[in-house]
Amino acid sequence: MMPELHTDIAVVGAGPAGLAAALAVCEHGGRVCLIDDNAKPGGQVWRAELGKADSQVWLANNPAIPAELATRLVQADKLRVLTATRVVAVTATGSLLLEDTQKSVQLHYQTLIVASGARELLLPFPGWTLPGVTGAGGLQALVKQGLDVCGKRIVLAGSGPLLLASAATLKAAGAHVLLIAEQAKSWQLAGFVWALRHWPAKLAQAAHLRWALRQVPYRAGSYVQAALGKERLQAVRLKLGNTVREFECDWLGVGFGLLPNTELLQALGCELQNGTAKVDALLQSSHPDVLVAGEACGIGGLDKALLEGRMAGLVATGQIAAAKALIPERELHLRFSAHLARYFALSPAVQELADADTMVCRCEDVRHGELLGYSNWREAKLQTRCGMGACQGRICGAACSTLYGWPVTGNRPPLLPTRLGSLLQLESTEVSSS
Ligand SMILES: Cc1cc2nc3c(=O)[nH]c(=O)nc-3n(C[C@H](O)[C@H](O)[C@H](O)COP(=O)(O)OP(=O)(O)OC[C@H]3O[C@@H](n4cnc5c(N)ncnc54)[C@H](O)[C@@H]3O)c2cc1C
């Protein structure tokens with residue numbers, strides 16, 4: 001028999017949104033189960049640094065998490081935390097299949113808060129699968145988890161504020177960041193910075209980052225054309241304005257902005273809008289028992305994630321007036337999200353970097369040239385196996401949406417590559433509920 005857990009409120013994702021949601025639930029007496037697939041809570045922005053967070057204390061020893069939040073969470077009653085645990089499937093209304101390295105567990109909840117965060121948009125270009133090429137935020141995460149980049153020459157390219165945040169982490173780790181190539185044009189960046197006057201804290205944060213990176217060239221209207229090397233990355237070819245230059249380097253981090261993680265929401269049957277969970281002003285999804293918070297319902301950064309997490313926790317515990325009081329502040333964050341999307345919109349040039357030989361689906365070795373003959377994701381998937389590998393279309397699905405305009409639909413359980421034991425449990429659950 002599969003072990004079963006019962007909770008009032010389940011929160012998927014222990015990033016800022018999930019932690020804030022869990023705290024709000026606890027403060028109002030609810031019983032909450034917080035699930036995250038990382039070894040420590042914190043999500044992307046507060047990712048626990050290896051070696052600095054290896055105590056058994058589940059949260060208090062991650063110094064990236066603000067001390068007050070950490071302390072209140074550690075003291076919270078009725079909070080159960082499952083780290084290194086993934087949600088792999090929806091088994092029935094109000095039930096999720098979870099797994100860790102040892103076992104599968106069925107979790108029953110009354111209300112679910114999905115705070116599953118975001119991932120980077122990776123677009124294919126010649127050489128992007130060479131060892132030494134990673135996502136820009138991915139490289140930041142590797143460094144936080146112990147990759148030694150001291151003295152390494154690094155180029156960052158792509159789009160959005162994450163390039164600066166990654167550069168700051170890499171520089172603090174002793175790397176030599178040669179250049180940041182931002183695809184947005186100078187006038188877009190100027191517009192973005194001008195608009196930041198409505199968000200003084202973000203303006204201060206941007207100024208602080210730019211000051212910390214004052215010796216790192218930051219080139220607008222610039223993008224990667226190719227990663228060069230035989231066995232491993234040796235150099236990168238960049239289009240810098242009207243010129244093309246090659247830089248020898250050890251690492252290349254490339255990310256073209258962020259995409260909400262919506263696979264669980266899709267499995268739950270929640271409606272999406274422009275690739276993001278469709279929610280009302282109180283973060284209620286189209287599914288009656290499912291609330292969404294943080295990047296999963298729109299890219300907007302840390303402050304938005306914290307606020308929405310709190311709102312979702314309040315709504316889940318029936319504190320509707322308190323949640324409603326936060327709506328005006330959320331609207332300010334939503335305006336910031338809209339500015340971000342507007343000023344860092346991708347130029348057509350970066351959507352056309354792949355040549356016929358460029359790998360699009362790196363799990364199943366499917367190249368751009370092979371995909372050109374298809375008209376939709378399903379057809380391409382069935383004929384080429386694109387999107388059917390280990391990442392289950394998380395990387396190439398988004399790339400295909402951007403390159404060919406295909407909506408990615410029809411994902412099936414499990415949500416992630418899964419232990420055989422979980423697959424058997426999934427099958428027996430499906431049989432018994434049918
Ligand atoms: C690679 C990367 C690096 C970033 N670095 C920064 C930075 O340095 N500074 C900054 O301001 N912003 C950064 N961001 C932006 C960041 O998304 C937000 O600022 C903030 O972390 C959003 O909080 P969140 O709680 O919505 O999501 P997240 O912090 O992303 O937390 C979501 C959590 O849910 C977990 N999860 C998702 N699906 C499942 C599942 N099925 N089962 C179990 N767990 C699941 C994820 O592993 C993650 O821990 C980064 C984003 C990315 C993608």
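None of the figures in this text is laboratory data; all of them are computed from the coordinates on show. Given the structure is predicted, the values throughout are model-derived calculations rather than measurements. When we count neighbours, we look across all protein chains shown, and the Cβ atoms used for this are built from the backbone with ideal geometry, even at glycine.
With neighbour counts taken as other beta-carbon atoms within 10 Å, the residues ILE395, ILE320 rank, fewest first, as ILE320, ILE395.
For every other residue with a beta carbon closer than 9 angstrom to the beta carbon of ARG330, add +1 if it is Lys or Arg and -1 if Asp or Glu, then tell me the sum.
So the environment of ARG330 carries a net charge of -2.
Taking θ as phi - 60° and the Karplus parameters 6.51, -1.76 and 1.60, the scalar couplings of region 374-383 work out to 9, 10, 7, 4, 4, 4, 4, 5, 5, 8 Hz in sequence order, x denoting glycine and proline.
With the simple spin-label model, which puts each label point 7 Å out from Cα in the Cβ direction, the MET2 to ARG197 separation comes to 5.6 nm.
With θ taken as phi - 60° and the coefficients 6.51, -1.76 and 1.60, list the Karplus ³J(HN,Hα) couplings across region 290-303 in order, rounded to whole Hz; mark glycine and proline as x. With the stated coefficients, region 290-303 comes to 10, 9, 10, 9, x, 4, 4, 10, x, 6, x, x, 4, 5 Hz.
Positive contributions from Lys and Arg (+1) and negative ones from Asp and Glu (-1), summed over other residues with Cβ under 12 Å from the Cβ of ILE113, come out at -2. Each of THR243, THR93, THR317 was scored by other Cβ atoms within 10 Å of its Cβ. Listed from fewest to most, they are THR243, THR93, THR317. Put simply, the Cα atoms of the chain extend 60, 51, 39 Å along their principal axes, the longest span coming first. In the neighborhood of GLN392, defined by Cβ-to-Cβ distances under 12 Å, what is the net charge if each Lys or Arg adds +1 and each Asp or Glu adds -1? Spelling it out: positives minus negatives among the neighbours equals +2.
Using the structure shown, select from LYS202/LYS230; LYS78/LYS304; LYS171/LYS304; LYS171/LYS278 the pairs with a Cα to Cα distance greater than 30 angstrom. The answer is LYS202/LYS230; LYS171/LYS278.
How would you classify region 122-256 from its alpha-carbon gyration tensor, with a ≥ b ≥ c the square roots of the eigenvalues: rounded for a/c under 1.5, else prolate if a/b is greater than b/c, otherwise oblate? Oblate, since a/c reaches 1.5 and b/c is not below a/b. Quick check: from the Cα gyration tensor, does region 358-427 come out rounded (a/c under 1.5), prolate or oblate? In terms of gyration-tensor shape, prolate.
With both residues required to sit in region 122-256, DSSP beta bridges show an antiparallel share near 45%. Residues whose amide H lies under 5 Å from that of LEU82, counting only those 5 or more places away or on a different chain, are LEU34, ILE35, ASP36; hydrogens are built 1.01 Å from N in the peptide plane. Sorting the segments 396-405, 13-22 by their mean number of nearby beta carbons within 10 angstrom, highest to lowest, gives 13-22, 396-405. A straight chain from LYS230 to HIS108 at 0.36 nm per residue would run longer than the Cα-Cα distance by 38.9 nm. Among beta bridges identified by DSSP and lying wholly in the chain, the antiparallel ones come to about 45 percent. Between the amide H of THR358 and those of HIS368, GLY369, distances stay under 5 Å, these residues lying 5 or more places away or on another chain, with hydrogens modeled in the peptide plane.
Name the residue, out of THR85, THR101, THR134, whose mean-square fluctuation peaks in a Gaussian network model built on the chain with Cα pairs under 10 Å. Taking springs between Cα atoms under 10 Å, the residue moving most is THR101. Measuring between their Cα centroids, region 187-201 and region 106-157 lie 26 Å from each other.
The mean sequence separation of alpha-carbon pairs under 8 Å and at least six residues apart, normalised by the residue count of region 91-160, gives a relative contact order of 17 percent.
The alpha-carbon of LYS185 sits under 17 angstrom from the alpha-carbons of these lysines, leaving out residues fewer than 8 places away in its chain: LYS239.
Before rounding to the nearest 500, sum -39500 (n - 2.57) across all DSSP H runs of length at least 4 in the chain and divide by the residue total; then give [θ] at 222 nm in deg cm²/dmol. Value at 222 nm, helices only: -9500 deg cm²/dmol. Near the amide H of LEU179, within less than 5 Å, lie the amide hydrogens of LEU156, all on another chain or at least 5 residues away, with H placed in the peptide plane.
The label-point distance for LEU209 and SER375, in a model that sets each label 7 Å from Cα toward Cβ, rounds to 4.2 nm. Cysteines of the chain lacking any other cysteine Cβ under 4.7 Å from their own Cβ: CYS26, CYS33, CYS150, CYS249, CYS270, CYS297, CYS363, CYS391, CYS400. Based on Cα contacts under 8 Å between residues 6+ apart, the chain shows a relative contact order of 18 percent.
Residue-wise HN-Hα couplings along region 259-268, as the Karplus relation 6.51 cos²θ - 1.76 cosθ + 1.60 with θ = phi - 60° gives them from phi, are 10, x, 7, 10, 4, 5, 4, 5, 5, 7 Hz; Gly and Pro carry x.
As a length-normalised measure over Cα pairs under 8 Å and 6 or more apart, the relative contact order of region 122-256 settles at 36 percent.
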